[in-house]
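Take a look at the structure below.
The values are calculated or read from the model by the stated rules, or taken from the named source; none is laboratory data. The model shown is predicted, which means the values in this text are computed figures rather than measured ones. Here Cβ is always computed from backbone atoms with ideal geometry, including for glycine, and neighbour counts include all displayed protein chains. We work out accessible area using only protein heavy atoms, side chains counted, and drop any ligands, DNA or RNA first. Shrake-Rupley method; radii C 1.70, N 1.55, O 1.52, S 1.80 Å.
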Amino acid sequence: MSTRPSVGILALQGDVREHVSALAAAGADPVPVRRASELDGVDGLLIPGGESTTISRLARIFDLTDPIRKRIAAGMPAYGSCAGMIMLANTVLDGRPDHEGFGGMDVVVRRNAFGRQVDSFSADVPVVGLEGEPVHAVFIRAPWVESAGADVRVLARISGGPADGRIVAARQGALLATSFHPELTGDRRIHALFVEMVREQQ
Ligand code: GLN
């Protein structure tokens, strides 16, 4: 068992650099992934926030869509943040018609769910399994999980306000998704949780 698993970051668009340093701080060997040969060598894959329609288009152009789908189906751990959550969802509401995700998680995700008025905001959310303080979660035109299948464990919900009770973090087996952007704060607990999931699978 390697102590520093190799974790890919889908590097087509979005917050790639921030995730590289967060993963390194959380004990992984981060590897930007832009082609299928780079995907082959990683033990897990992080799909960053950005714009899901753009990420899905670029993944198709770079011939990564099918290889990523296959790896996920074969059990590769994956973590999707924000647009990455949309990419991992089996069903997307309010997506563009040409959106092609990777799928794998039995969740219905609503894109841009928080609406215009609360487009971007932050909130403290307790996350199941993380010790200590709630996570200071940054939401940027974020999706939420509208409903989740029986095998999905809800890890965090918004409490209070118009989105009270909405699911913003979930896990299904080796797949993890958050509506928020943990790379934008100094808190590395979400990245550490994912690195631990990757280690478990090795
Ligand atoms: N609204 C974006 C989308 O639909 C996600 C925003 C983000 O990743 N910060 O893909």
Checked Arg35, Arg96 against criteria (farther than 18 Å from Phe180 by Cβ, among the charged types (D, E, K, R) and modelled with pLDDT of 95 or more); the one match is Arg35
By residue number, the members of region 141-166 that are in a strand (DSSP E or B) and either among the hydroxyl-bearing types (Ser, Thr, Tyr) or modelled with pLDDT under 95 (or both) are Ser147
Exercise. Considering every residue within region 177-187, establish whether at least one is closer than 20 Å to Ala74 by Cβ and either touching a residue at least 24 places away in the same chain (Cβ under 8 Å) or crowded, with 18+ Cβ neighbours inside 10 Å (or both).
Key: yes
Picked from region 124-147 (must be more than 15 Å from the ligand (Cβ to nearest atom) and more than 18 Å from Leu176 (Cα to Cα)), the residue most open to solvent (accessible area, probe 1.4 Å) is Glu133
Within region 1-55, the residues that are of a type in the set (Val, Ile, Thr), open to solvent by 40 Å² or more (accessible area, probe 1.4 Å) and either closer than 22 Å to Arg171 by Cα or within 16 Å of the ligand (Cβ to nearest atom) (or both) are Val20, Thr54
